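So the structure is just underneath, and the comments pick up after that.
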Amino acid sequence: MLSYISGIITFSLIYVIAAVGLAIFTGFTGLFSLGHAAFFAIGAYTAGILTYFYDVNFWLALASGGAMSGLVGILIGYPTLKAKLRSDYFAIATLGFGEAVRVLLENLEITQGARGLPGIPAETTLPVAAGVTVIVLWVARNFVHSRYGRAAVAVREDFVAAEMMGINLFQVRLLSLVFSAICGGVAGGLFAHYVSFIQPSMFTSYLSTQLTASVVAGGMGSITGPAVATVIFIAIPEVLRVASMWRLVAYGLLLVAIMVFRPQGLLGFRELSWAGVKRWLTLGKAAGQGRG
Amino acid sequence: MLIQTLVTGLAIGGIYALMAVGYSLVFSILNFSNFAYGSIIMLGAYVGYYLLMKAGLPLAVSVAGSVMGAAFLCYLNERMAYSTLRKRNAASLYFMISAMGTAIFLENLVYATIGSRFYAFPEIITQQNITFWGASIGVLDVFAIVFSFTAIYMLHYFLQHSRVGIAIRAASYDMQVCQLNGVNITRLVGWVFLLAGALAGLSGMFLGMKYMVYPTMGWITNKAYIAAVIGGLGSLPGAVVGGLILGVLETLVSTYVSSVIRDVFSFSLLVVLLLVLPTGLFGKYLEEKV
Amino acid sequence: MDILRLEAVTKRFGGIVACKDISFGIPEGRIMGLIGPNGAGKTTIFNLITGVYSLTAGRIYFRGADITRLRPDELVALGIARTFQNIRLFRNLTVLDNVRIAVDRNLPYSFGAALARLPSVLSKERAVYRQATEYLAALGLSGRAGDRADSLPYGLQRKLEIARALALKPKLLLLDEPAAGMNPEESAELARLIRRIHGEFGLTTLLIEHHMDVVMELCEQIYVLNFGVKLAEGDAETVQGNPDVLRAYLGEGYKRAGN
């Protein structure tokens, strides 16, 4: 029972890491990605291949997974973000990108195609996942509270005005993409060393959807909101064993409902804090309406 | 062989063009990427299949039913998922998320209720060939080409000559001015989604006949998005040209190189194009109006 | 010497000519007015100077250097700042954060340092906070620092836009209808404010304005546009006496009434 619970927590934390990365990208910078699972996959395969075939140290492999994802992020971000294009171009490019990565994974020799990589060492334990999560949350918080975080928000709010504040649109968008790609890659690496077996079919649009749903439901412009939402979305259905098909039906409906009725999500433009939780407990629901 | 490939390419290109035009039509008015379009296409194909195979209606009636059904669903999609956002003047990011939610919802609803089975149209429709200059050409391909172009021409005529069409074109330049001039925007947007949905129904029908009917068949709209970018987002002639170019090039690649790298090819084409010609062939949406 | 020079600047949108063959210069330290009826192309000229639009033809020079093809953020770095006709604040952010985003440009630190939140970052952040509050004080916005930008009344939003532009430490400030929607007292107060910051921050100012009292009060030199072409140029008296200008503003009826 204990191992079952710790398993669910570990699993949730891995997704929290990826969701925090996407929160920076979508929630703070205001860009939309439809293929974030690809970064997760690149991290998982890079780290997995390094430990599986080459006996590389786990931590080094994890870092390499993140680095490889970040590098690919630069490669796809450069052409799609360079010219001052509407963000739609980027979203469309990520669609093709996700597909292209899947096709490559299925056909490359080193990834062993659809058979995947069985028997990757199971190095990701609960303390490992928790440690990495804490680091990622801390770094993400630092990002948000720095000039780069403010620039990202300015770009999201009004990119024309942001440019007139001396902000280099391309630089900010690319930095935020690379940051979220690295988060996705690290999460993928942890995932590969948790489940010990990876194959291309694990990294479909289902995963991208789950991450996007977490970020949107958790709240735009918030880190803790998406983190909490991820735990809810991963852990609760896992415990309740809800049929995955209906889960996705619910996700879709939820996304639309949030956009229509509560676009700020659970914690839009706010963060979870102890003071806030206390206030909420004492004032009941009224505080939850607050700003936003 | 080459003629055959070209005809197939043009047929696929024609379907891409249909989808890209439908997508661009919405984009040019509401300025966001309607990622739910693929699922409307998929539902259109299911409606057409049901009418033909289960209700036993003639093919022409089934196609018409699919067109009308998809038009209605597309309209409903706007009313339920976008109209509130439109009235709130939400950023395009929120529209895109809502559209993606719609796509996930519809696709998985079909999965959960109808199931993941692939439904094929009878061979009498899909496997007919005629011989032309020594090349064996699919009748379905010829029909796809003819119907795509007729539908696109009809849309073009509608936009050029009808009152609603002219209002749509005006709104694509400046929605606010159009509203100030007394155009009912809600009704106008309704028209746009009906038209886009009609094109979705037609393309869904042809896609279903060509590749079978199944819940994730709408994903092929990725190609329509890429085609629209090639032509220049929001440009209808661009969408047509982009669709044809992509369809023909893809077919050439899968025939003469490898069908596996076809999807990677279209993605690379997109990336290269964005580098060389960021606005696409007929692009006009690069400079945001300030 | 002219701090800014436009040479034969032309902008076309498809078939529409937004401005055609515009040439003028602004001597350093002056306040210059850019006036003309609605749709004359005034804001287009601002957008061309600040790199929001790219030119169809012509050249723009800033302090002698060709800036025709530069990006907006590069122009800001050279010392050009602006406000917007249709206020473009970061509406969901606080008043303080709006100014902080502008101040950030003057106190840079690296991305790596930001992620690790090194001590140097903390001291820079404190300096950013200090400077931002100073700019708010200079525009009389100190009391509203914690409020959301879109909760401010209209007049204060315009002031916040000016505070934000000043925080970029510009040499040339472009103000796009700062007195729009203000009553005569408010616009007179705004004129005094513009005059004060113009001197205090050592600016050259280019002003688009419809309130003629503000323009006549502030501008040593005026450039008049109509339908994207130059109509007149000179000091306030010359422009006011120009029959073409009167006709453009008052319509064709002026001619008959005048004669």
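The values are calculated or read from the model by the stated rules, or taken from the named source; none is laboratory data. Remember, it's a predicted structure, so these values are computed and weren't measured experimentally. Virtual Cβ from ideal backbone geometry, glycine too; neighbours counted across all protein chains shown.
Figures for the structure shown
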| quantity | calculated |
| --- | --- |
| Within segment A:142-195, helices (runs of 4 or more DSSP H) holding 2 or more residues that are at the interface with chain C (Cβ under 7 Å from one of its Cβ atoms) and basic (Lys, Arg) | A:147-157 |
| Matching option when the condition is crowded, with 24+ Cβ neighbours inside 10 Å, under 30 Å from B:GLY115 (Cβ atoms) and in contact (Cβ under 8 Å) with a residue 24 or more places away in the chain, among B:TYR225, B:TYR214 | B:TYR225 |
| Check on A:GLU109, away from every other protein chain (no Cβ under 12 Å) and surrounded by fewer than 24 Cβ atoms within 10 Å (Cβ to Cβ) | yes |
| Residue ID - surrounded by the fewest Cβ atoms within 10 Å (Cβ to Cβ), chosen from residues in segment A:114-141 that are part of a helix (DSSP H, G or I), modelled with pLDDT of 90 or more and not aliphatic (A, V, I, L, M) | A:PRO127 |
| Residues of segment C:167-214 satisfying the condition of being closer than 21 Å to C:PRO37 by Cα, touching a residue at least 60 places away in the same chain (Cβ under 8 Å) and either out of contact with any strand residue (DSSP E or B) (no Cβ under 9 Å at 6 or more places or on another chain) or of a type in the set (Val, Ile, Thr) (or both) | C:ALA180, C:THR205, C:ILE208 |
| B:GLY238 being within 13 Å of chain A (Cβ to nearest Cβ) and modelled with pLDDT of 85 or more | no |
| Unique match (being surrounded by fewer than 18 Cβ atoms within 10 Å (Cβ to Cβ), out of contact with any His (no Cβ under 6 Å at 6 or more places or on another chain) and either of a type outside the set (Val, Ile, Thr) or within 14 Å of chain A (Cβ to nearest Cβ) (or both)) among B:SER66, B:SER92, B:SER83, B:SER62 | B:SER83 |
| Test for B:SER258: is it within 10 Å of another protein chain (Cβ to nearest Cβ), under 30 Å from B:ILE125 (Cα atoms) and either outside any helix (DSSP H, G or I) or of a type in the set (D, E, K, R) (or both) | yes |
| Residue in segment C:60-74 that is touching a Ser or Thr at 6+ places or on another chain (Cβ under 6 Å), modelled with pLDDT under 95, loosely packed, with under 15 Cβ neighbours inside 10 Å and assigned to a strand (DSSP E or B) present | no |
| Test: residue in segment B:187-198 that is more than 20 Å from the chain's Cα centre (by Cα) and either modelled with pLDDT of 90 or more or of a type outside the set (Phe, Trp, Tyr) (or both) | yes |
| Within segment A:62-93, tally of residues that are within 9 Å of chain B (Cβ to nearest Cβ) and aromatic (Phe, Trp, Tyr) | 2 |
| Yes/no for C:ARG164 being among the basic types (Lys, Arg), in a helix (DSSP H, G or I) and either crowded, with 17+ Cβ neighbours inside 10 Å or in contact (Cβ under 8 Å) with a residue 24 or more places away in the chain (or both) | yes |
| Test: A:TYR89 is over 22 Å from B:LEU233 (Cβ atoms) and of a type outside the set (Val, Ile, Thr) | no |
